[in-house]
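Presented below is the structure to which this report refers.
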Amino acid sequence: MRGRGLACGRLRTITAALEQRWLRCTHRTLDRMPHALILIASSSREEGGDQMDDARGTILIAEDDRDIRNLVIFTLQWEGFKVIEAPDGPTAIEMARQEQPDLILLDVRMPGMSGYDVCAVLKESEKTQGIPIAFLSAKGQELEIKEGLERGAEEYIVKPFAPDELHRRVESILQRAGRH
C-alpha cells in the first residue's frame, strides 16, 4: 500500500513538471507567434468581424493575457463565431450587459475582479443570468473547479487546451444551452 502511495506521489510530481515544461514551451512558441496571431485576428475583425451576420454565435472572451486572448479569438473566429473581448472583469460585465453574447469565457485570475466574482455578478443580474459561462484557467485543482461550477459556470476548461478541444467544448455548451 505504501509503495502505491509513493508511486502516485511521484506521478503527480512528474505530471506537474511536464505541465510546467509544456507551459514554458508554449509561452516560448507564443513569444514568436503573437504578432502573426494578432495580425490574423486583427485582419479578421477589420474584414468584417463586426459584420458577421452569418456568425454561428457571439462569444465574449475575458482574459487578461493578450496572447492567450488572441489565440482564443483566432480559434473561435476560424470556426465562424463572432468574438468580442475584454481584458478584465469589470469590462467583461459591461460588455456582457451591452452585447448579450451567446457564451462567456472567463479567465479565473484577472486584474480588478476575479472570474469567479464576474460570474457571480452576471448570474445575479436578470439581464445576464441566462448566458452560459465557462471558465478558462490554468488552475485545475478540484476545489477551483468546484468553486467555478458552484458560482454558476457551465464548464471549467483547464489551460493549456488544444484549439479543437476548445471548439468542441464551446459547441457542446451552446447546444446544451439552446443557443446554437
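Throughout, read-outs are computed from the coordinates displayed, never taken from laboratory work. Quantities reported herein were computed from a predicted structural model and do not represent experimental measurements.
Once phi is turned into ³J(HN,Hα) by the Karplus curve 6.51 cos²θ - 1.76 cosθ + 1.60 with θ = phi - 60°, what whole-Hz value does each residue of segment 166-173 show in order, with x for glycine and proline?
Result, rounded to whole Hz: 4, 4, 4, 5, 4, 4, 4, 4.
Given H placed 1.01 Å from N in the peptide plane, which residues other than close sequence neighbours of Leu136 have an amide H under 5 Å from its amide H?
It is Leu106, Asp107, Val108, Ile157, by chain and number.
Using the Karplus curve 6.51 cos²θ - 1.76 cosθ + 1.60 with θ = phi - 60°, work out ³J(HN,Hα) for each residue of segment 135-140 in order, rounded to whole Hz, and write x for Gly and Pro.
8, 10, 8, 7, 7, x
Considering only DSSP beta bridges with both partners in segment 60-180, what is the antiparallel share in %, to the nearest 5?
Around 0 percent antiparallel, to the nearest 5.
Using θ = phi - 60° and the Karplus relation 6.51 cos²θ - 1.76 cosθ + 1.60, list the HN-Hα couplings for segment 67-76 in order, rounded to whole Hz, with x at every Gly or Pro.
Listing the rounded values in order: 5, 5, 4, 5, 5, 5, 4, 4, 4, 6 Hz.
Amide H neighbours of Val83 under 5 Å, counting only residues 5+ apart in sequence or on other chains, H built in-plane at 1.01 Å?
Sorted by chain and number, the residues that satisfy this are Ile59.
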